[in-house]
Each structure stands twice: as C-alpha cells, then as structure tokens.
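Just so it is clear, none of the values below were taken in a lab; they were calculated from the coordinates. No experiment lies behind these values; they were computed from the predicted model shown. Using ideal geometry, Cβ is built from the backbone for each residue, glycine included, and neighbour counts are taken over all protein chains shown.
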Amino acid sequence: MSLIQALLLGLFGWMSSIYSPVLISGLGGWYTLGRPLVSGMVIGIILGDVKTGIILGAAVQALYIGLVTPGGTMPADVNYAAWIGIPLAMVAGAGKEYALALAVPLSFLGVAAVYSTVAINLYFVHRQDHLIDEGKLAQAARIPMVGQITNFVFRFTPIFLINFLGADVVTEIVKVIPQWFTDILQIFASMLPIVGFTLLLKMIVKSNFDLLFFVFGFIMVSVGGLSMIPIVIVASVLAYIDFKYSKDKEAA
C-alpha cells in the first residue's frame, strides 16, 4: 500500500467517525460514510478494486447490522473494523472471512478509542459551558471543531499507521497460516453475521409470532430459490394483511 493510499484511508476513516456538526456532520460522517458498506466502496476506490471493497464492506456491515449506541454506549466500533480490517484484507488478498476475523478485535480497539476521545473531550465540554456563562458565544460555538483534534488523533493516526506499516505483515501472516486454522476461522466468521441479524430482530419483532414471517422468507430463499423481487412482493402482501388485521382488531 502506498503512502498516499494510507493517508487517504486515514483521512476518510477520520471523517467517517465524525458525529458532530462540523465538516460533513454526523449525517455525512458516522451515519453514512461510517457505515461499512459505504466505507467498503470508498476503500475500494482508493485501493483500485471497488468490487472487492463492496463485498468486504457488505460482510462487515452484516456483522454489525444490528449495532445501536443508546445513550452513547458503544458495544462495538465499526470505524476501525471497516477502515483497517477491509484494507488489510484487500492488500493481503484474503477473503471476507479474514476481514470479519480482523473486524472483531479491531472493533474493540475502536471502542477504546471512542471512550478515550470522550474522556479527553470532557474538558472541552466544561470549557464550552464556561464560555457560555461568560457570554462568549462565538468562542463556545467553535468548541466542537476544537474537540475534533482529539478525534483526529485517535482515528487518523492509527488507521494511517496500521494500514501503511501493517500490510506486509498481514500478507506474510496469511501465507504462513495453516489450512486447518483457515477452515476453523471460516466457520466462525460465517457464523458472526447471525449475531447482527439477531440484534436487529430483537428490535423490530413485536411478538414471537412475527418470527414466522422471517422463517417463511428464509424458506423462500433457501428452499424455493426465489429472487429478491418476488420475495419483496410476497412480503408486502403479508405486511398489508397483517396491518389490516391488526387495525380491524383494534377497532373491534
């Protein structure tokens, strides 16, 4: 990986971690560029292989599809998982199993970066309160930009250094890993996305009966071999029937 590529990965990786109203804001950063599927596309553009970037991004996205951060709690961090795990897997010529295997420890490393940033930025929060009390509103309004310095240090620096210095190391590791270990890794990595979907189901399923719809959809895909379009049509019909039945039941 070239120096320019590593710098771009670090820069976009930092931008994707922004959830304050500066630069591209939280909507453009954390909630868009920060999603592994979008990150994978950008990483693919930087490394010259968009297809592989999107495939690996989709795999990492599936792993964290049910990730929520209520009250600022951070069970896992998709930033490091995407902007370090995906590039290293691509440079090493490895598949999505390696990207997922790298994503798990990297996500926990990212959690440490999140809480380190928050802990340091507490000073800036109190500083902003102090400026507001003094009536210095213009200076107080600039505090979120000052706080990004900490975020830049904990995001850009690790992403840049690990991608630039760690690519060759990861390549060598891939070469010396025995086949039996690769097979075990593939089995566990293939199981990881179910965790994300389970977390998502816990949020959207109102009753155990609703799980039957997902089972029916799974059968349509796995056994029936249907494509997405007829499944969406059937799902829409079932959703309408369920909605109308629930509405009639409430009226009664």
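Give the long-range amide H neighbours of Ser20: residues separated by 5 or more places, or on another chain, with amide H under 5 Å away, using H modelled in the peptide plane at 1.01 Å from N.
For Ser20, whose amide H was placed from the backbone, the distant partners under 5 Å are Gly26.
Order of Met90, Met220, Met145, Met228 from fewest to most other C-beta atoms within 10 Å?
Met228, Met145, Met220, Met90
For a quick check of your reading of the filter: which trypsin sites (Lys or Arg not before Pro) in the range 56-151 sit in a DSSP loop and have no more than 16 other Cβ atoms within 10 Å?
Lys136, Arg142
What nm distance separates the two modelled labels at Ile149 and Phe209, each placed 7 Å from Cα along Cα→Cβ?
5.9
Could you derive backbone 3J(HN,Hα) for the range 200-216 from the dihedral phi with the Karplus parameters 6.51, -1.76 and 1.60 (θ = phi - 60°), listing whole Hz in sequence and x where the residue is Gly or Pro?
5, 5, 4, 7, 9, 7, 8, 9, 5, 5, 5, 5, 4, 5, 5, 4, 4
Rounded to the nearest 0.05, what FRET efficiency do Leu200 and Met220 have when you use their Cβ-Cβ distance and R0 = 22 Å?
Between Leu200 and Met220 the formula returns 0.70.
For labels at Tyr19 and Ala112 in the simple 7 Å Cα→Cβ model, what's the distance in nm?
In this crude label model, Tyr19 to Ala112 measures out at 2.0 nm.
Can you tell me how the range 206-252 classifies by the Cα gyration tensor, rounded, prolate or oblate, using a/c under 1.5 as the rounded cut?
oblate
Hey, what do the phi angles of the range 135-144 turn into as Karplus ³J(HN,Hα) couplings, whole Hz, using 6.51/-1.76/1.60 and θ = phi - 60°, x for Gly and Pro?
x, 8, 5, 4, 5, 5, 5, 8, 4, x
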